[in-house]
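Below: one structure, written as structure tokens.
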Amino acid sequence: MVKRFNTMKKLSLQFCFLLLLSIFTFSSCLKDNDDGPWNNMPSAGLMYFVNGFTEAESGLLYRLDGNIVGNPLSSDPMVLEYKTFSGALLLNPGSRKLTITNYATDQDMLIDTTLTIKVDNGYTSFVYGTNEEPKFAMTQDSAIENIGSNESGIRFLNLATDVEGVNLYIEGEDEPLYSNRPIETGSSAVAHQTFKTQQSGKYTFTVTDAAGNELVTREDRELRRGYYYTIMLMGKPDNSETPLYIGVVEHY
């Protein structure tokens with residue numbers, strides 16, 4: 001089961017908890033404290049996988065410790081096409097070897113890295129870049145302490161190709177929420193991983209370049225109360241097949 005960046009439904013907390021009891025799950029909730037069913041969670045971490053790799057013509061295939069990551073609701077491998085993301089997967093803690101390949105007969109290796117997964121921690125991983133220079137980044141996802149009842153959590157990452165120094169504007173604000181953002185590296189994504197509060201509601205997002213020229217807009221994106229969002233610039237400038245795009249991952 002994979003998700004498009006423009007659609008994702010919220011599961012009830014009870015259903016979320018039941019899914020978390022399986023080896024892999026496709027829903028999660030960022031927690032603010034240790035109350036409730038989280039006390040009974042298995043000793044594991046949670047991971048969203050995001051495919052921002054524009055050249056993934058056949059999709060991406062993921063392996064953990066040599067084992068293909070599969071859909072727990074079927075026997076099929078989890079294959080993420082460009083501009084899709086998984087739900088939250090429950091991962092065993094410790095040092096985990098992650099390899100990512102094109103889902104094609106030649107199985108070209110793109111990413112070969114080692115992850116450190118801690119119990120009760122949430123993460124999101126991103127693949128982007130090009131075949132010549134594939135890139136990988138991983139964030140640790142933490143809830144905002146004392147988030148308001150009418151607030152959402154947001155953050156912004158630049159995963160585009162050949163677009164440096166971008167700014168993210170939100171409808172109703174004259175100043176950018178995020179400014180002069182370079183293309184992410186592994187270390188910069190960690191530096192930018194913290195969510196900040198934003199009043200919940202429906203907004204238009206606009207990304208501009210360093211000179212203030214509008215690059216791309218996304219209209220009528222709802223930020224729900226209590227939800228967390230990773231907003232990403234993706235794609236390539238002046239490219240008809242994979243143009244610049246504002247992707248949104250909804251964490252819940």
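Quick notes on this one:
- Matching option when the condition is out of contact with any Leu (no Cβ under 6 Å at 6 or more places or on another chain), part of a loop (DSSP other than H, G, I, E, B) and of a type outside the set (S, T, N, Q), among Ala104, Ala137: Ala104
- Residues in region 214-252 that are open to solvent by 40 Å² or more (accessible area, probe 1.4 Å) and polar (S, T, N, Q): Thr217, Asn239, Ser240.
- Of everything in region 50-69 that is among the small types (Gly, Ala, Ser) and at pLDDT below 90, the residue that is most open to solvent (accessible area, probe 1.4 Å) is Ser58.
- Residues of region 93-108 that are in contact with a strand residue (DSSP E or B) (Cβ under 7 Å, 6 or more places away or on another chain) and either farther than 25 Å from Met234 by Cβ or open to solvent by 30 Å² or more (accessible area, probe 1.4 Å) (or both): Pro93, Gly94, Ser95, Arg96, Lys97, Tyr103, Gln107, Asp108.
- Among (1) open to solvent by less than 20 Å² (accessible area, probe 1.4 Å); (2) within 17 Å of Glu184 (Cβ to Cβ), the one test that Thr113 misses: (1)
- Residues located in region 132-145, provided they are β-branched (Val, Ile, Thr) and either open to solvent by less than 10 Å² (accessible area, probe 1.4 Å) or without any contact (Cβ under 8 Å) to a residue 24 or more places away in the chain (or both): Thr139
- Selection within region 83-115 - touching a residue at least 40 places away in the same chain (Cβ under 8 Å) and farther than 22 Å from Asp141 by Cα: Thr101, Asn102, Tyr103, Ala104, Gln107, Leu110
- Selected residue [surrounded by fewer than 17 Cβ atoms within 10 Å (Cβ to Cβ) and not charged (D, E, K, R)] from Gly129, Gly122, Gly87, Gly148: Gly148
- Boolean, Asp220 is more than 19 Å from the chain's Cα centre (by Cα) and free of Cβ contacts under 8 Å to residues at least 12 places away in the same chain: no
- Selected residue [out of contact with any Ser or Thr (no Cβ under 6 Å at 6 or more places or on another chain) and modelled with pLDDT of 95 or more] from Tyr252, Tyr245: Tyr245
- Being closer than 16 Å to Glu171 by Cα and crowded, with 19+ Cβ neighbours inside 10 Å is a description that applies to Tyr203.
The values are calculated or read from the model by the stated rules, or taken from the named source; none is laboratory data. Quick caveat: nothing in here was measured; it's all calculated off a predicted structure. Glycine also receives a Cβ, built like all others from the backbone with ideal geometry; neighbour counts cover every protein chain displayed. Accessible surface areas use protein heavy atoms only, side chains included; no ligands, DNA or RNA. Shrake-Rupley method; radii C 1.70, N 1.55, O 1.52, S 1.80 Å.
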